[in-house]
Amino acid sequence: MNTRVDVAGVAVATGHFIDGTRRGSPTTFEDRTPLNWDLLAEVSRGDAGDARDAVRAARNASATWAALGPDVRRDYLHRIADLIDERNHDLAVVECLDTGMLEASLRERVIGRAARNFRAYADLARDYQPRRWSSHGTTNTVLRMPAGPTVVITPWNAPFMLATWKVAPALAAGNTVVLKPAEWSPLSASLLADIVFDAGLPPGVFNVVQGLGDEVGAALVADPLVRRISFTGSPETGRRIGVAAAANLVPFTAELGGKGPFLVFADADLDAAARQAAVMYDDAGQVCLAGTRLLVDARVRDEFVARFEAALAHHVLGDSRAATTTIAPLIHPDHLARVEGFVERARRAGDRIVFGGRRWRTDGLWYEPTLIEPHAGDAEIVQREVFGPVLTLQTFVDEDQAVSLANATDYGLSAIVFTRSRERADRVAGAIRAGTIWTNCFLVRDLTAPFGGAGISGIGREGGDYALDFYSDLTTYQVKDGTTNG
Ligand code: NAD
């Protein structure tokens, strides 16, 4: 069954993609756009049977895909990348409606990055040089062998880019994949299945199963045929998936939530820092890497806040399809209620709302950019990820206190530091617990660098060779010296 719906002029399949064919489910779930809550699609609600079939398809395709080798796989993955670029418009308009992400940013930045993920990993896998050395009278070689069927589970924010970030290295390493996108934004995964089909990959190499996390998602991660699980989402779900992975002794990576510190030292370029801090409200703050805890040297607090408020003047809340809009709506009414709940509890706890702290309009899912000064460092608003346009502001008196505040949550995904001093930057970077630290910049990414979180922000690293190692079984192969041909 290949039911398609029209989403902004793009025909999007609403079923699963298993073993190279589309199929539906007897039941569906509703997918609505955060822009006006119109229904976009009734999407197949997969069950344990769909999960089992998808994993079996991936297992059956494993040997063929592995045997093709990195050169042939590279050609396939480059074709996928080219098709992503060709369908940039379709992907951007569908992802915009499905998630509320800004269409211009999707077109100009995000979709292109997804294509680059495929090219970069395809090339890296092809160029892998096995490590080789002599010891104990033997020649040692480290081989990267495909690990097998891989389950990829993604969250609702930036779903296309995040899916490709995992699917590309898994396929490049020679694994087959079952992708389950989040139920609040399932459509771009369906377009990825079309692209993989058009790129001519053998059936079963890439599969998409739609459905709810605790139904089909739980069935996928519990399947004993799965050899790798790669998850991006919340720490709560990460824990559950970790238990399922442990039951089958399957390696898994978890890229989880963040509560990144944004440090502004007195020697910083305050205008640049303020402009960068204003960017933390982009995508309505639904960005795991955002620096949501502003930590500012007490001596420049007032000056920084004034410049920050001035930098916010450029923000325009509105329809994500309009070129002028900079702040999108939140993804879902439940999520808006969650964000509102955080702010209301903060208000009741005695935290000071510096600005914002309410919905932008009563009839939509927008929330005003909000800044809160907490009454204490252990306040809920400081300690828990809001995942909305809500930042906190704390001050420090010296570098030691800055570092200690930066490290004062259970998270450890990212940090942003503004200082003019290279010595201070290096010192602070060495003392902050975070997977990624940006100094005087943000979101600059080299795809070969490791990526992941410390603490409850994650387990494992992806990116470059780190990802390819994760998706591989590393084999140490030893040959006794003197072993000859014949
Ligand atoms: P979530 O954990 O609720 O859901 C993520 C995915 O897991 C969804 O596809 C969901 O269906 C699935 N799922 C839920 N229960 C499951 C189960 N028992 N078994 C298998 N799958 C299950 O997260 P979310 O609300 O979709 O995403 C927001 C979170 O993701 C935030 O915490 C955010 O910080 C985090 N995130 C992290 C990164 C990163 O790179 N570290 C990137 C983006 C988002």
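The values are calculated or read from the model by the stated rules, or taken from the named source; none is laboratory data. Just so it is clear, the model here is predicted, and its values are computed rather than measured. Cβ placement follows ideal geometry from the backbone for every residue including glycine, while neighbour counts extend to all protein chains displayed. These accessible areas exclude ligands, DNA and RNA; they are computed on the full protein's heavy atoms, side chains included. Shrake-Rupley method; radii C 1.70, N 1.55, O 1.52, S 1.80 Å.
A few remarks follow.
- Rounded, prolate or oblate (a/c below 1.5 giving rounded, otherwise prolate when a/b exceeds b/c) for the range 275-374 by Cα gyration tensor: oblate
- Modelled label reach - Ser421, point 7 Å along Cα→Cβ, the range 292-308 residues with backbone N closer than 16 Å: 296-300
- Straight-line reach from Lys480: taking Cα to Cα under 23 Å and skipping same-chain neighbours fewer than 8 places apart, no lysines fall in range.
- Packing rank of 400-407, 376-383, where each peptide gets the mean count of other beta carbons within 10 Å, highest leading: 400-407, 376-383
- Residue-span extension gain [Thr21 to Ala322] - 0.36 nm each, minus C-alpha spacing: 104.8 nm
- Taking each residue as 0.36 nm, the span from Gln401 to Met145 lengthens on full extension beyond its C-alpha to C-alpha distance by 87.5 nm.
- With Cα atoms defining each centre, the range 316-365 and the range 186-200 are spaced 33 Å apart in the structure.
- A simple charge model with +1 on the Cβ of Lys and Arg, -1 on the Cβ of Asp and Glu and nothing else charged puts the dipole of the range 261-439 at about 200 debye relative to its Cα centre.
- Distance from the Cα centroid of the range 205-263 to that of the range 403-471 is 22 Å (rounded to whole angstrom).
- Cα-Cα separations in the range 35-173 greater than 24 Å, expressed as whole percent: 46
- Sites Arg109 and Thr138, calculated FRET efficiency, Cβ-Cβ separation with R0 51 Å, nearest 0.05: 0.55
- Where both bridge residues fall in the chain, DSSP classifies roughly 50% of the beta bridges as antiparallel.
- Dipole axis of the chain (+1 Lys, Arg; -1 Asp, Glu on Cβ), positive-most option in Pro130, Ala431, Leu371: Pro130
- Taken along the Cα-to-beta-carbon direction at a fixed 7 Å, the label points for Asp85 and Asp269 span 3.1 nm.
- For peptides 102-112, 385-395, sequence by mean Cβ density within 10 Å, most packed first: 385-395, 102-112
- The chain, accessible surface, carbon-and-sulfur percent (1.4 angstrom probe): 51
- Efficiency of FRET between Asp410 and Thr484 - r from beta-carbon atoms, R0 45 angstrom, step 0.05: 0.20
- The charge dipole of the chain, taken about its Cα centre with unit charges on the Cβ of Lys, Arg, Asp and Glu (plus for the first two, minus for the last two), comes to roughly 960 debye.
- Take each peptide in 117-127, 33-43, 168-178, count the other Cβ atoms within 10 Å of every residue, and average; sorted highest first, the result is 168-178, 117-127, 33-43.
- Straight-line cross-link reach from Lys259 at under 28 Å between alpha-carbon atoms covers these lysines, not counting any fewer than eight positions away in the same chain: Lys166, Lys180.
- Here the range 327-458 carries DSSP beta bridges of which approximately 35% are antiparallel, counting only pairs with both residues inside.
- Were the residues from Ile353 through Glu42 laid out at 0.36 nm apart, the gain over their Cα-Cα distance would be 108.0 nm.
- Cα-only Debye scattering, the chain: base-10 log of I(q)/I(0) at q = 0.05, 0.06, 0.09, 0.11 Å⁻¹: -0.19, -0.28, -0.62, -0.91
- Along each principal axis, taking the top coordinate minus the bottom one, the Cα set of the range 261-439 gives 49, 35, 30 Å in descending order.
- Using a simple spin-label model with pseudo-atoms 7 Å out from Cα toward Cβ, Arg384 and Arg52 lie 3.8 nm apart.
- Average accessible surface area per residue within the chain, 1.4 Å rolling probe, Å²: 39
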